[in-house]
Each structure stands twice: as structure tokens, then as C-alpha cells.
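Down below is the structure, laid out as C-alpha cells.
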Amino acid sequence: MKKIAVFASGNGSNFQVIAEEFPVEFVFSDHRDAYVLERADKLGVLSYAFELKEFESKVDYEAALVELLEEHQIDLICLAGYMKIVGPTLLAAYEGRIVNIHPAYLPEFPGAHGIEDAWNAGVAESGVTIHWVDSGVDTGKVIKQVRVPRLADDTIASFEARIHATEYQIYPQVLESLGVGRR
């Protein structure tokens, strides 16, 4: 069975969906005060947190991550709202074994504000993309995409809620398709 780790920077709602359906070896957050750590505690999932500013460089930060991943023999890293760009150190050790979920239909609206950018552009639809991580920002090979329409009576909040609901449906499907065994 593939051992997975989830990386998240904030709330951790995608982590929660994953952890309720799959055995997660640990969750990592780059923010010591992130709510995802509380979610992990409530679900009995091991968690780690450290911040880039605690290290001399991003290379040292990512080397510590690689050490943690190797210690736990992680097969697949699932980014779920992890707001750091994966650098060369982590990518060299885990390329082809890092998946990311993005709240837009890539290549439309890459980067940190996919939902807001799509909303502000006035598009008729956006979506959700799950892709392999490469050295670019949201440029890796697409694994699965789903369109989410913008409805006439949408507010940005309702549009965002439907995008997140779509994420919660497709991330587990993709993990299963990648050979991650369910609980």
C-alpha cells in the first residue's frame, strides 16, 4: 500500500477529506499555527510543522522535508493548499511522486488566487485541476480536471464553495486511481 503525506498551509479541508478516506502517514504544514494541525490532531494523524524562516535557506528547509519523508518512507506527497512553490531540492527527491490540487481549470488562472482571479475575470466557468508537480507554477502534467460553472446568482462565496465541493469529490478519486488504498 502506498504511504502518503499531505502538505497544507492553512485550513486543511482537503486534508480532512483525504484523511477520512485514506490512511495518511502524516500531515506537514509550513505554518505552526495552521488549522490543519488541529484537524490532524482530532483525526489522530501525526503532524509536523516548521517554517522556512527557521532555516538558513530554502535548500535547508526542503532538505529537512526530504529527511522527514524518507524517515516515514513516503511514496506520494499530496499537496492540499500548500502555498509554497516546490523547489529543486524536494523536486529532485520526489519528482513524479508529488500531486497538487488547484482551484481553477489549468492552464487558466495558475498561482495562489485561482478562484478570485477567475471570478474577477468574469468567466462563465472555472474548475478544479489535479496535476503532477514540476518545476513550474501549476504547470505539471494534468491528472484530472473538472469544470465548475459560474451561475447567474453566484456570489464569489457560493462559486468558491462549489469549487471546493468539487475538490472534495475528485481528490479521493485521483488518489485511488494512483493506487492509494482506502481505509
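Some observations on this one:
- Furthest towards positive pole of dipole, Ile77, Val17, Tyr48, structure part the chain, Cβ charges: Val17
- Each of Arg32 and Glu70 was given a label point 7 Å from its Cα along the Cα-to-Cβ line. The distance between the two points is 2.6 nm.
- Accessible area in square angstrom per residue, the chain, 1.4 angstrom probe: 47
- GNM flexibility winner over the chain from Val128, Val66, Val24 (Cα, springs under 10 Å): Val66
- Neighbours of Leu106 by Cβ distance under 14 Å: Lys/Arg scored +1, Asp/Glu scored -1, total -3.
- Accessible area (Å², 1.4 Å probe, nearest 10) - Glu95: 120
- Partner lysines whose Cα lies under 16 Å from the Cα of Lys53, excluding those fewer than 8 positions away in the same chain, are identified as Lys84.
- Dipole orientation for the range 4-178: of the candidates Val99, Gly87, Val123, Val123 has the Cα lying most toward the positive pole (charges on Cβ; Lys, Arg +1; Asp, Glu -1).
- MRE, 222 nm, helices only [DSSP H, n ≥ 4, -39500 (n - 2.57), over the chain, to nearest 500]: -11500 deg cm²/dmol
- Sulfur and carbon atoms: percent of accessible area, the chain [1.4 Å]: 51
- Taking every protein chain into account, the 1.4 Å probe leaves Arg147 with about 90 Å² of accessible area, to the nearest ten.
- In a reduced charge model with +1 at each Lys and Arg Cβ and -1 at each Asp and Glu Cβ, the chain shows a dipole moment near 520 debye about its Cα centre.
- Helix 58-71 vs. the chain, principal-axis angle (Cα, 0 to 90°, nearest 10): 70
- Label-point separation in nm, Val174 to Ala124, each point 7 Å along Cα→Cβ: 2.6
The values are calculated or read from the model by the stated rules, or taken from the named source; none is laboratory data. Remember, predicted model here, so these are calculated numbers, not experimental data. Please note: Cβ atoms are built from the backbone with ideal geometry, for glycine as well, and neighbour counts cover all protein chains shown. Side chains included, ligands, DNA and RNA excluded: accessible areas come from the protein's heavy atoms. Shrake-Rupley method; radii C 1.70, N 1.55, O 1.52, S 1.80 Å.
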